[in-house]
Amino acid sequence: MFLREIKVRRKSGEVYRWWVVIKTYWDKERKKVRHRVIHNLGRLTEKEVNILKSLISLKDISEESFITSLGEIKIKGSYEYLIVVILDKLWYLWGLDEITDFKNTGKLSYSFISKVLVLNRAISPASDLRVCDWYKETILEKLYKVNSSLVNPTRIYRTLDKLFTREKEIQSHIREKLEDLGLDDFRLVFYDITSSWFEGRRCSLAEYGLSRDKRKDKKQLLLALGVTKQGYPFYWKVLPGSIHDCLTVCEAIDSFKKEEGIENFIVVMDKGMVSNENLKYLEENKLFYIVSIGRHQIRRLHGFPSVLLKELGGRIEKEEKDINRIMEEYPYFTYFSERAYYHQLETEGKRRYILCFNPEKFLEERCQREEKIKSINQYLTKLNEKLKKAKQTKDKKIIEKEIYTYLKKRKAERYFNIKVIGKKKKGLTIYRINWKINEEKLNRIKITDGLWCILTNLDKDKSADFLISCYLNRRKVESAFHYLKGFIEIRPFYHHKEDRIKSHILVCILSYLLQITLENLLKKKGYNLTFREFVNKVREVKAVELEIKNVKKRDIKLTEIQEEIKRILKDLNMEDLRYENFIKKLI
């Protein structure tokens, strides 16, 4: 059936209009579809026509359909949905529900609270009290029928008190799952340390030490972290804040071998981890390493090409626009990338040294040093002018200390020879600063601009290209620290109990595990998105709970999903998450 408007023009020229209901039928004699008027509706307004068309269209709709109006539709709630259910799936993919499950006689499992804490830390980092409010804003309450009143601070703290006791089991579980899921192997592992600071002074782990956060005024703790070449964390340890980096290496390596059961691996570390004791320990245990060494050590290497580097540096400074051409004229260095040329120096026993040169870094360091020296000269000139106008005698030691503190802060105390000279004038001692750049030390420092050096005990069958590539991949562990300190916001710590601090870090590590898993799954499917970029794309996909009053019906609908997100979900085999049926079958 359908509506049709009939128009008839009278002899007077006036057009008469009315509406009729038409029904189609099959004419067996003429063998064609014909129309028949079944009802004459007369004149209708545009509003009446639209209402009748809507009513006729209901003939073929499903039994679930009903008639309502906008006034009868009420929005009862809007919940964070897509990113929550994606990470929820990854939680079960890793089997974290099993490993965080304790024997619990209460109404709610520790595993569920652990999941809420981890998902919150990954998506919307907040304090433990804020987690309770965040839970109400997500679809989790609807999916698992766990009332928000059960997710409260008391249960959160009880879970934190329990969670740290499973740290070793969780590390072993992750290692086994990595192999079972085929996500990565342990032929190449990266190890590094970072620090995080405290609010408060009551934790026994908190000690003053070398702060990577530039917060020398705060006590801190250290986090040692081991990750695979794809960035998956499999080892971590919380340490007091005063321990030196290199003192942690042997214990970490022992843990890799004994507790994690990892063998025949190559460990990649930065220069902060390198000491003769650590290298000897690795060699005695027949373990392989790829590390970098400090520039003061580079200058002492046998065969260090100081003359060539001085000449090369001068050429690049004068002709910085033709770096590639200049580097081609020096076959001493082999091309790896525009930011890495290399030469293999003479071996010392089983130790190989790969000298690497970065022309871009060279120019950057030269430019920064020139600007630094220029600003220090300006500072000393202004200080001289100030001393010249002094109306009373200054303390020479205080002046010297002020200058030294300034230079040390600028890391330039080695560049300058400084003398503070006093001269009597009208009963006062007027001081003047004489300074001179220490050209010998400056040239010794400049010779290593743009240089870095890889040290390894791997055999020569491992090419220099392979070694450089492995070392550059250490960014995986740096990226992990970046995520932990940035998006996950591991710092500062507000807990004071040692157990809860360890549990807090464990929650952060598991959050990062879910993040890097999703990021790697996206990359495998050709999507070059960081976790944060992906969250920004899908965060607007909400689950909206509707109530239709006139038919006393409640339902959940998803906000519109962009085609790009639909493709991503399909490629990740998570297409079911875009349909309301996924929610309905769980609710």
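Nothing in this text is a laboratory measurement; each read-out follows from the coordinates by a stated rule. Just so it is clear, the model here is predicted, and its values are computed rather than measured. For neighbour counting, all protein chains shown are included, and Cβ atoms are generated from backbone atoms with ideal geometry for every residue, glycine included.
Phi-derived couplings, Karplus 6.51 cos²θ - 1.76 cosθ + 1.60 at θ = phi - 60°, listed residue by residue for the stretch 520-528: 5, 4, 5, 5, 4, 9, x, 9, 8 Hz, with x used for Gly and Pro. This model, with +1 at the C-beta of Lys and Arg and -1 at the C-beta of Asp and Glu, gives the chain a dipole about its Cα centre of some 3020 debye. Pick the calculated Cα Rg over 2.2 N^0.38 Å for this structure from (1) 1.43; (2) 1.18; (3) 1.09? Identified label for the calculated read-out: (1).
Based on other C-beta atoms within 10 Å, arrange 149, 511, 109 from fewest to most.
Numbers: 149 8, 511 26, 109 18.
Least crowded to most crowded, the residues run 149, 109, 511.
What the Cβ-Cβ distance of residue 181 and residue 40 gives, at R0 = 60 Å and to the nearest 0.05, is a FRET efficiency of 0.30.
Among the listed pairs 53/553; 229/570; 386/411; 76/142, which have their C-alpha atoms separated by more than 18 angstrom in this model?
On the way: 53/553 25 Å; 229/570 27 Å; 386/411 24 Å; 76/142 13 Å.
Pairs exceeding 18 Å: 53/553; 229/570; 386/411.
In this label model, residue 395 and residue 576 are separated by 7.6 nm, measuring between points 7 Å along each Cα→Cβ vector.
Can you give the FRET efficiency to the nearest 0.05 for residue 547 and residue 158, using r as the Cβ-Cβ distance and R₀ = 56 Å? Mind showing how you got there, number by number?
Working: r = 36 Å, r/R0 = 0.64.
Plugging the Cβ-Cβ distance into 1/(1 + (r/R0)^6) gives 0.95.
Taken one residue at a time, the phi angles of the stretch 12-23 give Karplus couplings (6.51, -1.76, 1.60, θ = phi - 60°) of 6, x, 6, 9, 9, 10, 8, 10, 10, 9, 10, 10 Hz. Gly and Pro are set to x. Contact order for the stretch 256-369, expressed relative to its length and based on alpha carbon pairs under 8 Å spaced 6+ residues apart, stands at 16 percent. Label-to-label distance for residue 107 and residue 29 is 7.7 nm, based on points extended 7 Å past Cα in the beta-carbon direction.
Maximal additional length on extending the residue 328-residue 57 stretch stands at 89.9 nm, based on 0.36 nm per residue less the C-alpha distance.
In summary, the lysines within cross-link reach of residue 31, defined as a Cα separation below 19 angstrom excluding same-chain residues under 8 places away, comprise 23.
Derived scalar couplings between HN and Hα for the stretch 425-431 equal 7, 6, x, 10, 9, 9, 9 Hz in order, rounded to whole Hz, by the Karplus curve 6.51 cos²θ - 1.76 cosθ + 1.60 (θ = phi - 60°), x for Gly and Pro. The modelled label-to-label distance between residue 320 and residue 373, using points 7 Å beyond Cα along the C-beta direction, is 1.4 nm. Any of 382/423; 502/523; 219/476; 280/502 with alpha carbons more than 20 Å apart? Name them for me. Listed pairs above 20 Å: 502/523; 219/476; 280/502.
Between amide H atoms placed 1.01 Å from N, distances below 5 Å from residue 416 occur with 438, all of them 5 or more places distant or on a separate chain. Annotation: amide H of residue 77 within the under-5 Å range of 545, sequence separation 5 or more or interchain, hydrogens built in the peptide plane.
Going by how many other Cβ atoms sit within 10 Å of their own, how do 504, 343 line up, fewest first?
On the way: 504 22, 343 18.
Arranged by neighbour count, lowest to highest, 504, 343 become 343, 504.
Amide H contacts for residue 290 (H built 1.01 Å from N in the peptide plane; partners 5 or more residues away or on another chain; cut-off under 5 Å): 267, 268, 269. Spherically averaged projected area of the convex hull of Cα atoms, the stretch 2-65: 6.6 nm².
As a footprinting exposure proxy, order 1, 273, 327, 574 by other Cβ within 10 Å, with the fewest listed first. Show your work: numbers first, answer last.
Numbers: 1 11, 273 24, 327 20, 574 17.
Ordered by Cβ neighbours within 10 Å, fewest first: 1, 574, 327, 273.
Before anything else, pin down the relative contact order of the stretch 319-394: Cα pairs under 8 Å, at least 6 apart, normalised by residue count, whole percent. 18 percent.
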